[in-house]
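One structure below.
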Amino acid sequence: MKKPLTFFALLLFPILAIAAPTKVYEIEVMVFQNIQNELEGNELWVNERINLELKDIDKAVEVKGVPREDSDLTKAREVLDADSNYRVLTHKQWLQNADPQSGAKLVRFSTEDGDLDGTFKFFMSRFLHVDLNLIYKQKESKSIFQAGNSENAPMMAFQLRQRRRVKSDQIQYFDHPKFGVLVQVKQVKESTN
């Protein structure tokens with residue numbers, strides 16, 4: 001008797017999945033440079049072999065969303081802006097559906113000066129996920145290379161590549177010694193009319 005019930009449940013599952021409404025989330029992302037050299041100790045940075053040609057970067061879309069003044073990450077930005085050990089590179093906020101990974105849009109994060117470039121992907125698998133692939137480029141300081149101007153200074157590139165499960169309303173911190181990323185996703189409440 002249980003087999004026919006299981007059979008019908010399997011037939012209904014695709015219909016229920018199609019009928020389920022897509023959830024909308026408010027996504028907020030802030031990328032900042034870490035200027036606290038003393039945290040590195042005596043670590044000697046060498047140029048990592050990073051492929052500077054990011055996969056699917058040409059398919060990524062730019063978002064222009066300006067963060068709300070009362071958002072959690074705007075409050076965090078105020079703290080970072082007041083501390084000379086950090087420099088905010090970019091801070092954006094936008095609405096996005098929680099689509100499956102194959103259909104989720106790829107968002108491009110870049111700065112006008114070219115210091116930061118990369119992609120951000122938010123998607124729903126069984127749970128919510130964020131996939132980051134960011135490259136931060138930093139010119140070496142003049143104290144190390146005395147000759148020449150800063151425009152000709154050697155460039156170091158650092159990559160933050162990470163995929164992580166995230167929970168709604170929680171602030172996630174993606175860490176690299178040279179730069180960090182704060183991410184918060186919040187499900188948009190459906191209006192009841």
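Every read-out reported here was derived from the displayed coordinates using simple, explicitly stated rules and does not represent laboratory data. Because the structure is a prediction, the values reported are computed rather than measured. Because the Cβ atoms are built from the backbone with ideal geometry, glycine has one as well, and the counts that use them run over all protein chains shown.
Annotations
- Taken over the C-alpha atoms, segment 90-143 has Rg and Dmax values of 14.5, 50 angstrom.
- The protection proxy used here, the mean number of other Cβ atoms lying within 10 Å of each residue, ranks peptides 166-173, 94-101 as follows, highest first: 94-101, 166-173.
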